[in-house]
Amino acid sequence: MEIKITKTTSPKIMPPADKLGFGSVFTDHMFIMDYSDEKGWHDARIVPYGPLSFDPAASVLHYGTEVFEGLKAYRRPDGKVQLFRPWDNVERLNNSCARLGLPKLDPEDALAAIKKMVEVDESWVPSSDGASLYIRPFLFSTDPNLSLHGVHKAMYVIICSPSQAYFSTGLKPVPIMVETEDVRAVRGGTGEAKCGGNYAAANRAGDRANEKGYSQVLWLDGVERRYVEEGGGMNVMFRIGDKIVTPMLTGSILPGVTRRSAIALCKSWGMDVEERLLPIDELIQAAADGSLKEAWCVGTAAVVGPIGLLEYKGVKYEINNNEIGEVTQRIYDELTGIQWGRKEDTFGWTCVIE
Ligand SMILES: *Cc1c(COP(=O)(O)O)cnc(C)c1O
């Protein structure tokens, strides 16, 4: 794949590290590639960051045909920049495309585009503690047609956002609320695809939780509202007694790269990890009798987010005295160590941008 590069003539200046926030500042360039049935994927280009142009009838605006990814580029102590398991993101992007009937990408081209974008905007990869360049590849249909006729035109775009550590106050436990009314996804639906529509379906419950002071919701399964699924945009893990328990991938849960990595780490430390159905009643019982030692979320944006309090049906359960637990802290230290190149990567998870 040949990528045509047009550099900006008016480069921006990156704000100071403590003013970056998360996902609100963007680099100088973006990657775009077009798809049509006749030409396949074509016209790969990196151009100055700016508005996209497509028809108001573009089907993504009416029928929600959009999928996305989220990964980061990290500045290592030696100044080099590296990615973390980017192959997994590319594979998941194609799985999401398949689910929504969007055209798939050549995995090598999709990865080459991510790498080239980071290379072109390399100076935007921050070096301050916990900061990184968040990379957002996304793909959507642009067919200018309101009839339901499948996808014949699409765009693959990559934008990048230098971001501060997700939790600016450090690894402080957050309170979350178990959602008992709305559901995010059902088996056979789009829960395991990373698509914008899943987030639209989650908005109302998220707003309700925020209004009550909770940082996010914990979703239950869409059929019986009986089994724990995941957080708003993160997977969840628990330490119950001596075991690490995380909901199994039933088809309605997003298969997170951070989840997969945290499971691998725990197993490498000799811990007992169970991927299984986790009834909310069991979790609440464990929270009530104290056998729930730790609870935490895992996802690329925050890496690890300790859960200090669970609310279920109006009752509040504090976890580990609202303090970060030892396994949560250990996973955080090891993962961030590998991601930022401070610790040896014995798993082969990282990939340096040359
Ligand atoms: C992206 C995402 C996650 C976390 O996946 P990572 O690959 O670890 O970043 C979890 N749940 C949902 C709903 C997501 O969209």
Inset, instruction - Among the residues of segment 189-203, write down those that are more than 11 Å from the ligand (Cβ to nearest atom) and in a loop (DSSP other than H, G, I, E, B). - result: 189
Legend entry - Checklist (1) more than 28 Å from residue 201 (Cα to Cα); (2) more than 20 Å from the chain's Cα centre (by Cα) applied to residue 150, failing item: (1)
Legend entry - Conditions (1) within 15 Å of the ligand (Cβ to nearest atom); (2) crowded, with 22+ Cβ neighbours inside 10 Å; number of the one not met by residue 95: (2)
Inset, instruction - Go through segment 171-192 and count every residue that is over 17 Å from residue 214 (Cα atoms) and either surrounded by 23 or more Cβ atoms within 10 Å (Cβ to Cβ) or not hydrophobic (A, V, I, L, M, F, W, C) (or both). - result: 8
Inset, instruction - Those residues that are among the β-branched types (Val, Ile, Thr) and within 25 Å of the chain's Cα centre (by Cα), I need them from segment 1-43; list them, please. - result: 25, 27, 32
Inset, instruction - With the condition kept exactly as written, say whether any residue in segment 250-267 is more than 16 Å from the ligand (Cβ to nearest atom), out of contact with any helix residue (DSSP H, G or I) (no Cβ under 8 Å at 6 or more places or on another chain) and free of Cβ contacts under 8 Å to residues at least 60 places away in the same chain. - result: yes
Legend entry - Search result, residues across segment 302-354 that are of a type in the set (Lys, Arg), exposed (fewer than 15 other Cβ atoms within 10 Å of the Cβ), out of contact with any Pro (no Cβ under 9 Å at 6 or more places or on another chain) and in contact (Cβ under 8 Å) with a residue 24 or more places away in the chain: 313
Inset, instruction - Exactly one condition in (1) within 23 Å of residue 340 (Cα to Cα); (2) surrounded by fewer than 16 Cβ atoms within 10 Å (Cβ to Cβ) is not met by residue 121; state its number. - result: (2)
Legend entry - Yes/no for residue 89 being at pLDDT 95 or above, surrounded by fewer than 21 Cβ atoms within 10 Å (Cβ to Cβ), under 20 Å from residue 195 (Cβ atoms) and among the polar types (S, T, N, Q): no
Inset, instruction - Give segment 161-178 a look and list any residue that's in contact (Cβ under 8 Å) with a residue 24 or more places away in the chain and under 20 Å from residue 294 (Cα atoms), or say none. - result: 167, 171, 172, 173, 174, 175, 176, 177, 178
Legend entry - Close pairs from segment 51-71: first within 26 Å of residue 299 (Cα to Cα) and in contact (Cβ under 8 Å) with a residue 12 or more places away in the chain, partner within 16 Å of the ligand (Cβ to nearest atom) and assigned to a loop (DSSP other than H, G, I, E, B), Cβ under 7 Å, at least 6 apart: 67/193; 67/194; 68/194; 69/194; 70/300; 70/301; 71/300
Legend entry - Subset of segment 216-234 [within 17 Å of the chain's Cα centre (by Cα) and over 13 Å from residue 176 (Cα atoms)]: 229
Inset, instruction - Scan segment 69-86 for residues that are within 11 Å of the ligand (Cβ to nearest atom) and surrounded by fewer than 20 Cβ atoms within 10 Å (Cβ to Cβ) and jot them down. - result: 70
Legend entry - Residue that is at pLDDT 95 or above and surrounded by fewer than 16 Cβ atoms within 10 Å (Cβ to Cβ), where the choices are 243, 293: 243
Inset, instruction - Give just the number: which of (1) surrounded by fewer than 23 Cβ atoms within 10 Å (Cβ to Cβ); (2) at pLDDT 95 or above; (3) within 19 Å of residue 57 (Cα to Cα); (4) not β-branched (Val, Ile, Thr) does residue 154 not satisfy? - result: (1)
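Answer yes if at least one residue in segment 127-140 is farther than 27 Å from residue 304 by Cβ, touching a residue at least 12 places away in the same chain (Cβ under 8 Å) and either of a type in the set (S, T, N, Q) or not in a loop (DSSP other than H, G, I, E, B) (or both), and no otherwise.
If we filter segment 127-140 for residues that are farther than 27 Å from residue 304 by Cβ, which is where we start, we get 139-140.
This time we only want the ones that are touching a residue at least 12 places away in the same chain (Cβ under 8 Å), so: 139-140.
Subsequent filtering for residues that are either of a type in the set (S, T, N, Q) or not in a loop (DSSP other than H, G, I, E, B) (or both) retains 139-140.
Taking every residue of segment 127-140 in turn, at least one turns out to be farther than 27 Å from residue 304 by Cβ, touching a residue at least 12 places away in the same chain (Cβ under 8 Å) and either of a type in the set (S, T, N, Q) or not in a loop (DSSP other than H, G, I, E, B) (or both).
The values are calculated or read from the model by the stated rules, or taken from the named source; none is laboratory data. Nothing here was measured: the structure is a model prediction, and the numbers come from that model. Neighbour counts are summed over all protein chains in view; Cβ atoms, including those assigned to glycine, are modelled from backbone coordinates with ideal geometry.
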